[in-house]
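Take a look at the structure below.
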């Protein structure tokens, strides 16, 4: 024998209200999960773009190091006067102010100070104004780099060169030798992205030695 239970109008309304509340809570939970997933995806994309831009700047800085090496080595496209300054055994081509000024023939050639504060820390490598002390990519080698479009650097990388003394192991302490220390800065597609690299180079023909 079937038994039917009659519910009052207030009980029916209470159940309907509870079902609506549960539904709303579930919708809110779904919305929160969706918002969290979207935020995570946006952060991931932002991090990927930043890493890609850092790689662009890193590659540009590496290209600047290679350009400085070509200049030091006196490649066919290098300016003869500049090559003479670099190869001078007395080191007079390297000056304390790193060749301040865009028209200075000794631009970016920094005299080694030997102090606690290295020269490269005191130079604004990214400055490309009238008071610059760093060399733009290709200035003395004729190398070309595209900039300012898509994922390319927003401007050319720059570098400075120091002539640093050292004593080869096993040789008399009075025998002074030299190597070139290059500090370069590369830029990403965004102006806020910069990478600084440093490398040392000694010419195969012994250039830089007294």
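The values are calculated or read from the model by the stated rules, or taken from the named source; none is laboratory data. This one's a predicted model, so the numbers in the text were calculated from it and none came from an experiment. So basically every Cβ, Gly included, is an ideal-geometry build from the backbone, and we count neighbours across all protein chains shown.
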Next on the checklist: I need the full set of residues from the stretch 163-207 which are part of a strand (DSSP E or B), at pLDDT below 85 and exposed (fewer than 15 other Cβ atoms within 10 Å of the Cβ), in order please.
Outcome noted: 166
Checklist entry - Scanning for something surrounded by 14 or more Cβ atoms within 10 Å (Cβ to Cβ), at pLDDT 75 or above, in contact with a helix residue (DSSP H, G or I) (Cβ under 9 Å, 6 or more places away or on another chain) and under 30 Å from residue 142 (Cα atoms), does the stretch 59-71 turn up at least one residue? => result yes
Next on the checklist: Please count how many residues of the stretch 89-121 are surrounded by 12 or more Cβ atoms within 10 Å (Cβ to Cβ) and not in a loop (DSSP other than H, G, I, E, B).
Outcome noted: 5
Checklist entry - For residue 155, which of the numbered conditions (1) in contact with a strand residue (DSSP E or B) (Cβ under 8 Å, 6 or more places away or on another chain); (2) assigned to a loop (DSSP other than H, G, I, E, B); (3) touching a residue at least 24 places away in the same chain (Cβ under 8 Å); (4) surrounded by 18 or more Cβ atoms within 10 Å (Cβ to Cβ) fails to hold? => result (4)
Item to check | Selected residue (criterion: nearest to residue 195 (Cα to Cα)) from residues of the stretch 113-143 that are touching a residue at least 24 places away in the same chain (Cβ under 8 Å) and touching a helix residue (DSSP H, G or I) at 6+ places or on another chain (Cβ under 7 Å) | outcome: 137
Item to check | Cβ pairs under 8 Å, 6+ apart, first in the stretch 194-210 and at positive phi, second modelled with pLDDT under 95 and in a strand (DSSP E or B) | outcome: 208/163; 208/177; 208/178; 208/179; 208/180
